[in-house]
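What follows is one structure encoded as structure tokens, with my remarks underneath.
The values are calculated or read from the model by the stated rules, or taken from the named source; none is laboratory data. It should be emphasised that the depicted structure is a prediction, and the values quoted were computed from it without experimental measurement. Don't worry about glycine lacking a Cβ; one is built from the backbone with ideal geometry, like all the others, and counts go over all protein chains shown.
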Amino acid sequence: MSALLHHPGYEEERLRRLSEQLPCRELQAGMLLSLMGQPHQYSYPSVFIYGHRSSGKSHVMQVLLKELELPHATVSCVECVSVALLFEQVLLSFFGGDAASLLPRSPSLSDFVRVYRQQCSQSPAKQTRYIVMEKAELLRDADANLLPALLRLQELVEDNVTVILLTEIVWDRFRPNTGCFEPLLLHFPDYSKGELQQILSRDKHPSYSAEFYSSYINILLGVFYSVCRDLRELRHLAALNFSKFCEPLAEGKVKETDTHKLWRNMEPHLKKAMQTVYLREVSSLQWEQMQQMEEKENGAMRGLSAHTHVELPYYSKFLLIAAYLASYNPARTDKRFFLKHHGKIKKTNFLKKNEKTSNHLLGPKPFPLDRLLAIFYSVVDSRVAPTASIFSQISSLVTLQLLTKVSHDDQLDSPKYKCAVSMDFIRAISRTVNFEIVNYLYDFL
Amino acid sequence: MSKRKITKTNVPVGECISQVQEMLRERLCHQRLPDRPEGVEAQHKHLLELLKRTAVHGESNSVLIVGPRGAGKTMLLRCVLRDLLEEKEAQKSLLQVHLNGLLQTDDRIALKEITRQLHLENVVEDKVFGSFAENLCFLLEALKKGDRSSSRPVLFVLDEFDLFAHHKNQTLLYNLLDISQSAQAPIAVVGITCRLDVLELLEKRVKSRFSHRQIHLLSNPTFTEYLDRVRTQLSLPDDFPDDKFALDWNASIETLCEDKSVEDVLQRHFNSSKDFRSMHMLLMLCLSRVSVAKPAIKPADLLEASRLCLADANANMLHGLSILELCLIIAMKHLNDVYEGDPFNLQMVHNEFKKFLQRKSNSMYNFEQPVILKAFEHLQQLELIRPVDSSSAKTQREYQLMRLMLDHSQIMEALQKYPQCPTDVKQWAMSAFG
């Protein structure tokens, strides 16, 4: 552990306990501590702390305020759906329930400041009071005057109070049009790879040695570090996959020190976890079940992900394929693809393509119903009558959100649609009906 | 430090430091009033005269104090009020009502606040009023002295004056200014605002009732004045308990201000903004580094504080991105260069990224589309990219058009600082054609 925190206003013992709880954040904690000063001294009216998710912003604040027993109110802006809740929580933690009940129903900012001042004159602050707002970016969606008022709350209530905003968005995106009181900006940098390793290695498994766990973390970081630096996410992944890592050990195949073998065993597994757990396609419970299933029947475990799981009627599949073709091919090329005797088409002219106009980059284009049906009749191999059943399948595709209706609802005679499925999805669908879709796509000729 | 300890000081160093912190913090954080306002003597005199006429002679007035943020508008007013209240007569009769546009967001709340600040709740109780004006008149009527010939002067201070102009029909402003025009009760209306065009916001009938008296605080100090301000803000007063320490401290501030590197730093800040607030922020950061072990502000402290103040927040955020997210940002940068700032979508970015990957044989960054989508969404959450149109319900996420909220130099700067940035990625970012 590096340098301990020092500050004359607080007991050595407490500061020592503090720095134990804040691994790799000593610098930031020290900075905050020196800004806060001794408890009775004034601090800057508002402090704006920004940094990436799970870089320890809330944790450092919480530990500092709790350990040093400073009067504080922590408000999560996600919880406060109305400002009333926010005000109530602040008053409750500073002055107790009586004060909070003084607020009228649906209080305005003016009411809050009035009650605060009234309470404050009865019990003036001996120590700086801190209001910590988590996820402060949501304050921008509240009333326009809330954020500027909070930033200068010290001046408005004439009390020794400091508002601390925690967020992951930079201050430039907060500043209102006419400007406001500028808070003191503090940045919490992300943890480096070494620091992540150090922190993650802390929650080691009791029945295994520390070195063993830290080598596991090393492998985990090797796979995930380039994608994800979120400590919380990594921790979740580490906890979920550890049992798999220990498996060869339990079976007695490998010794604890044989890192290379353990790594070979583990890496493909982690790569799979990236596709499923990291993307939240399966819950952690499902993931554990999958692991057990895998032991019984090797392979055949693909397909838990939602994309490959859609079952459609035969004609619906073709309708979807036709919709995809209509969305991604320019209408002028339909003749070339779907007419048996399409006459002469100049090859150079036809193939003149520009990457900029590729529909697979720009997204699907809307098409009229007539075109969809024309393509549908030509791709489906048997003769189909345009019955109500076909039309109802189109509308059920819309309900499934595989197609989206672009035109307005009251346009009954020629509705327009757009195909809303991905390339991989449509390929999987067309494979089930033995339709080679790539041959019909203009972008892939 | 040891030198200081053996002198015959009666206060230990730790105590002194604590005193210094307390005193200066009150100045920098709590906006403690200076003994006399600097650089705004003329405005101070003007305003004081004006308010005195209301307080003593019962003359109605209205005035606007206009100036940019952090220029010292509130400080000026508070200084004037402090000086005004030193006079017996004014102190006896003057009533104050302080309203703030941030708090009193509509006229009903404002009226309630006025009633409260005039201590008239019990008089009003459950009377029913026909109109706003009636209500306000009643309030002022109630303030009349027993002899009914003269009522007590009331000072209305409207902070963030421009916000009051957004209230419905500008009823409050209309009534206040109307009273100040007609000889009903002696009131002074002082508006504080940072908007120079504030008069344009007023309706015609409101504007015509305003006296058009404006006090501008567009102070434009020279650098020497700015340096002086820094010095006075940091130096200790004569009544500091430990004379020796105060002398030492003031001398150290003096040498600090003469240091060449400090002057450069201050010049840079001076060029970007001249107001008090940003200076206070800088000095506060310096002050927080003063401790018993280091009982003076050193040039290095100021340099460090300035580095913190001027740090580019976006570059800081880019530093914490994962390598995949950084690659996407670079791809976006190339797209911006090629298509001259046209918006892009995820597919285009991915395509650009793939082109980079194809040029290399190793597949270190071969990620599935969903993983890339997640990284893309994270960038959107951080508001480094922003959707062009907010209605995104009907388009697929991959095809939603986005704009990059960073500029070229920020990305390049972040790349330089990025820890263990692979060389090929760096080269890719530098290359002009993507």
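Just to verify a result, which residue in the stretch A:24-66, among those that are surrounded by fewer than 21 Cβ atoms within 10 Å (Cβ to Cβ) and among the basic types (Lys, Arg), is nearest to the other protein chains (Cβ to nearest Cβ)? The residue in question is A:Arg53.
Yes/no matrix, rows are residues, columns are (1) at pLDDT 85 or above; (2) touching a Pro at 6+ places or on another chain (Cβ under 6 Å); (3) among the polar types (S, T, N, Q); (4) within 26 Å of A:Ser55 (Cα to Cα):
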position	(1), (2), (3), (4)
B:Asp337	yes, no, no, no
B:Met348	yes, no, no, no
B:Leu357	yes, no, no, no
B:Ser361	no, no, yes, no
B:Tyr365	no, no, no, yes
B:Ala375	yes, no, no, yes
B:Arg386	yes, no, no, yes
B:Ala393	no, no, no, no
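Every test in (1) in contact with a helix residue (DSSP H, G or I) (Cβ under 6 Å, 6 or more places away or on another chain); (2) modelled with pLDDT under 90; (3) under 19 Å from A:His187 (Cβ atoms) is passed by A:Gly51 save one, and that test is (2). Residues that are within 14 Å of chain A (Cβ to nearest Cβ) and either farther than 21 Å from B:Leu176 by Cα or of a type outside the set (Val, Ile, Thr) (or both) within the stretch B:70-80 comprise B:Gly70, B:Ala71, B:Gly72, B:Lys73, B:Met75, B:Leu77, B:Arg78, listed in sequence order. One residue stands out in the stretch B:238-275 among those that are touching a Ser or Thr at 6+ places or on another chain (Cβ under 7 Å) and buried (at least 16 other Cβ atoms within 10 Å of the Cβ): the one that is nearest to B:Ala300 (Cα to Cα), namely B:Val265. Summed over the stretch B:110-138, residues that are within 14 Å of another protein chain (Cβ to nearest Cβ) and surrounded by fewer than 19 Cβ atoms within 10 Å (Cβ to Cβ) total 5. Among helices (runs of 4 or more DSSP H) entirely within the stretch A:201-288, having at least 3 residues that are more than 27 Å from A:Ser55 (Cα to Cα) and not polar (S, T, N, Q) singles out A:231-250, A:259-276. Among the residues of the stretch B:270-293, what is the count of those that are touching a helix residue (DSSP H, G or I) at 6+ places or on another chain (Cβ under 8 Å) and away from chain A (no Cβ under 13 Å)? Number of matching residues: 2. Every listed requirement among (1) within 11 Å of chain B (Cβ to nearest Cβ); (2) surrounded by fewer than 17 Cβ atoms within 10 Å (Cβ to Cβ); (3) more than 36 Å from the chain's Cα centre (by Cα); (4) farther than 20 Å from A:Tyr44 by Cα is met by A:Arg114 save one, (2). For the stretch B:316-325, state whether one or more residues are assigned to a loop (DSSP other than H, G, I, E, B) and acidic (Asp, Glu). Within the stretch B:316-325, none of the residues are assigned to a loop (DSSP other than H, G, I, E, B) and acidic (Asp, Glu). Could you tell me whether the stretch A:46-66 includes any residue that is in a loop (DSSP other than H, G, I, E, B) and polar (S, T, N, Q)? For the stretch A:46-66, residues in a loop (DSSP other than H, G, I, E, B) and polar (S, T, N, Q): present. Restricting B:Ser273, B:Ser322, B:Ser278 to those that are of a type in the set (Gly, Ala, Ser) and more than 30 Å from B:Val63 (Cβ to Cβ) reduces the list to B:Ser322. Does the stretch A:112-123 contain any residue that is assigned by TED's automatic domain parsing to the domain that holds A:Ala73 and either within 30 Å of A:Ser54 (Cα to Cα) or touching a strand residue (DSSP E or B) at 6+ places or on another chain (Cβ under 6 Å) (or both)? For the stretch A:112-123, residues assigned by TED's automatic domain parsing to the domain that holds A:Ala73 and either within 30 Å of A:Ser54 (Cα to Cα) or touching a strand residue (DSSP E or B) at 6+ places or on another chain (Cβ under 6 Å) (or both): absent.
In the stretch B:7-105, counting only helices (runs of 4 or more DSSP H) that sit wholly within it, the ones holding 2 or more residues that are crowded, with 19+ Cβ neighbours inside 10 Å and of a type in the set (A, V, I, L, M, F, W, C) span B:13-28, B:41-57, B:73-85. Filtered by the rule that a residue be in contact with a strand residue (DSSP E or B) (Cβ under 6 Å, 6 or more places away or on another chain), crowded, with 21+ Cβ neighbours inside 10 Å and over 16 Å from B:Asp107 (Cα atoms), the stretch B:150-178 gives B:Val154, B:Leu155.
Taken as a whole, the structure places A:Phe224 among residues that are within 10 Å of chain B (Cβ to nearest Cβ), more than 23 Å from B:Asn314 (Cβ to Cβ) and either in contact with a Phe, Trp or Tyr (Cβ under 8 Å, 6 or more places away or on another chain) or modelled with pLDDT of 90 or more (or both). Among the conditions (1) closer than 27 Å to A:Met423 by Cβ; (2) at the interface with another protein chain (Cβ under 9 Å from one of its Cβ atoms), the only one that B:Gly320 does not satisfy is (1).
The conditions of being part of a helix (DSSP H, G or I) and either at pLDDT below 90 or assigned by TED's automatic domain parsing to the domain that holds A:Thr162 (or both) are not met by A:Leu70. Across the stretch B:82-102, the qualifying residues are those that are touching a residue at least 60 places away in the same chain (Cβ under 8 Å) and aliphatic (A, V, I, L, M), and the one among them that is nearest to the other protein chains (Cβ to nearest Cβ) is B:Leu102. Taking the stated definitions as given, is A:Glu79 modelled with pLDDT of 90 or more and assigned to a loop (DSSP other than H, G, I, E, B)? Answer is yes for this residue.
Surrounded by fewer than 19 Cβ atoms within 10 Å (Cβ to Cβ) and either outside any helix (DSSP H, G or I) or hydroxyl-bearing (Ser, Thr, Tyr) (or both), is that true of B:Ser278? Spelling it out, B:Ser278 is indeed surrounded by fewer than 19 Cβ atoms within 10 Å (Cβ to Cβ) and either outside any helix (DSSP H, G or I) or hydroxyl-bearing (Ser, Thr, Tyr) (or both). For a quick check of your reading of the model, give me the residue pairs whose first member lies in the stretch A:145-160 and is in the same structural domain as A:Tyr44 (by TED's automatic domain parsing), whose second is among the basic types (Lys, Arg) and outside any loop (DSSP other than H, G, I, E, B), with beta-carbon atoms closer than 8 Å and at least 6 apart or on different chains. If the second residue must be among the basic types (Lys, Arg) and outside any loop (DSSP other than H, G, I, E, B), the pairs left are A:Leu147/A:Arg140; A:Val157/A:Arg117; A:Glu158/A:Arg117; A:Asp159/A:Arg117; A:Asp159/A:Arg129; A:Asn160/A:Arg129. Residues that are out of contact with any helix residue (DSSP H, G or I) (no Cβ under 8 Å at 6 or more places or on another chain) and more than 12 Å from chain B (Cβ to nearest Cβ) were ranked within the stretch A:137-167; the one that is farthest from A:Pro45 (Cα to Cα) is A:Asp141. Selection of the stretch A:26-62 for residues being at negative phi and polar (S, T, N, Q) yields A:Gln28, A:Ser34, A:Gln38, A:Gln41, A:Ser43, A:Ser46, A:Ser55, A:Ser58, A:Gln62. Residue count for the stretch A:399-421 under the criterion of being modelled with pLDDT of 85 or more and either touching a strand residue (DSSP E or B) at 6+ places or on another chain (Cβ under 9 Å) or assigned to a loop (DSSP other than H, G, I, E, B) (or both): the result is 14. Residue count for the stretch B:302-319 under the criterion of being over 27 Å from B:Glu383 (Cα atoms) and surrounded by fewer than 20 Cβ atoms within 10 Å (Cβ to Cβ): the result is 2.
Among the residues examined, A:Gln127 does not qualify as surrounded by 15 or more Cβ atoms within 10 Å (Cβ to Cβ) and outside any loop (DSSP other than H, G, I, E, B).
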